[in-house]
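Step one of this worksheet: look at the structure below.
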Amino acid sequence: MENKESKQSTLILSQTTELKKMASKKFSSPEYAGLVSDPENLRFATNEQVARYRAERLACNHLIEIGAGIGFQTIAFARTCKRVTAIELDRKRCDMLRKNLEKTGITNVRVIQGDALADEVIASIDKAEWLFCDPERLPEEKERSLDRLRPSPRQIRDAYKEAARKFCFEVPPQLQNIPKEYDREYISLHHKLNRLQLYHTPGSASKGTTGVVLLPEGEVLAEQKGKRLAEGKQAKKYLYEIDAAVEKAGLIDSLPVDAEKLDRTNRTLLTSEKRQASPFLCCYRVLKTAKDREELQKVLSRMKGDRVVIRYPIAPEQYWKERKELESRLLPGKRTLHVFGTGQRYAITEKT
């Protein structure tokens, strides 16, 4: 019969294998390989590229981090800030945080295990240029709001108004009704909406600006008020899918491109006669168009290819049936065709 020590070792080995697979999707630097974690905390850990960008953005002499977790973001802050005060309520996470700081040889982080809103905790902290907070939220919530975060940004700002000059909050990108006192920054990682950061400087006349950062490229899209792209009626020579963060931020009209907007049921497309170069766009060359589904089938039957990717709205349970039916129309070939729905028409395209 296995003893307790053997069972525990087996459990740790099993978790280590699982963690390696999970970690490989978020981290590439060797220093992260030896850090301690568990599946639950690794699931919510900040991606390495996001952590590095944020640390550079908030670089200062002294930074306060509330909700430090197991320390992946803390490690990045320690590389760009002279001092970091990391506060974590959960004892287990705090233990892992300390171990991870030790493993990476970091000595400029003061760790506090306790409630960030407790008077004794606040009183023990030196003044700082930046306060960063990653509040907890319920994963199953469909609608997000600032006041439902724990602790809420309002609570943190009130409690630390004397301790910090500037505030940055990581909040869900789906957050609704954001007050104008916050500047918003949407982060796109590998062209997928990843984070929303809110910035606030007490006492300043906040402009409530909105921006998008594309990682790992580091490209930035700033809001251009008053700029409007023209509305188009049909697909031209090129079609473009817009980065999800740009659409979520409402900055389509701020894109520095000479193109027209085409509305779809679920997302907006851009189209142009001349190819537009922008890191925020995925470009497709229009090969053929069809006025309805019957004509779409006829057009495909005269084209060569082996795959059809459906880019128009369709119920998930119908996707593969529809895709196989369209692919059955193709002549033998080795290319992937992307079919978009624009209004009542279809555009058969190839990614460029």
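The values are calculated or read from the model by the stated rules, or taken from the named source; none is laboratory data. Remember, predicted model here, so these are calculated numbers, not experimental data. Here the Cβ is made from the backbone with ideal geometry for all residues, glycine too, and neighbour counts use every protein chain on show.
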Between residues in segment 275-295 that are farther than 30 Å from Val220 by Cα and residues that are small (Gly, Ala, Ser) and surrounded by 13 or more Cβ atoms within 10 Å (Cβ to Cβ), which pairs lie under 7 Å by C-beta distance while being six or more apart or on different chains? Thr289/Ala235; Thr289/Ala347
Out of Leu138, Leu146, which single residue is at pLDDT below 90 and in contact with a helix residue (DSSP H, G or I) (Cβ under 7 Å, 6 or more places away or on another chain)? Leu146
Looking only at segment 129-139, decide whether some residue is exposed (fewer than 15 other Cβ atoms within 10 Å of the Cβ), touching a Ser or Thr at 6+ places or on another chain (Cβ under 9 Å) and closer than 24 Å to Ile75 by Cα. no
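Look at Ser29 and say whether it is hydroxyl-bearing (Ser, Thr, Tyr) and without any contact (Cβ under 8 Å) to a residue 12 or more places away in the chain.
Values: hydroxyl-bearing (Ser, Thr, Tyr): yes; without any contact (Cβ under 8 Å) to a residue 12 or more places away in the chain: no.
The answer is no for Ser29.
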Of the criteria (1) within 22 Å of His200 (Cα to Cα); (2) among the hydroxyl-bearing types (Ser, Thr, Tyr); (3) modelled with pLDDT under 95, which one Thr104 fails: (1)
Can you tell me which of Ala59, Ala33 is among the small types (Gly, Ala, Ser), closer than 20 Å to Tyr160 by Cα and surrounded by fewer than 22 Cβ atoms within 10 Å (Cβ to Cβ)? Ala59
Residue under question is Val286, and the condition is that it be among the β-branched types (Val, Ile, Thr), assigned to a strand (DSSP E or B) and under 27 Å from Ala315 (Cα atoms); does it hold? yes
Of all residues in segment 173-224, which are exposed (fewer than 13 other Cβ atoms within 10 Å of the Cβ), touching a residue at least 24 places away in the same chain (Cβ under 8 Å) and outside any loop (DSSP other than H, G, I, E, B)? Lys192, Ala222
Cβ-Cβ under 6 Å, sequence separation 6+ or interchain: first residue in segment 58-83 and in contact (Cβ under 8 Å) with a residue 60 or more places away in the chain, partner part of a loop (DSSP other than H, G, I, E, B) and hydroxyl-bearing (Ser, Thr, Tyr). Which pairs? Gln73/Thr46
Whether any residue in segment 94-106 is more than 27 Å from Arg165 (Cα to Cα), in contact with an Asp or Glu (Cβ under 7 Å, 6 or more places away or on another chain), in contact (Cβ under 8 Å) with a residue 24 or more places away in the chain and outside any helix (DSSP H, G or I) is what I want to check. yes
What are the residues in segment 194-228 that are over 17 Å from Val257 (Cβ atoms), among the aliphatic types (A, V, I, L, M) and modelled with pLDDT of 95 or more, if any? Leu196, Leu198, Val213, Leu215
Going residue by residue through segment 237-247, is there one that turns out to be among the small types (Gly, Ala, Ser), assigned to a strand (DSSP E or B) and buried (at least 19 other Cβ atoms within 10 Å of the Cβ)? no
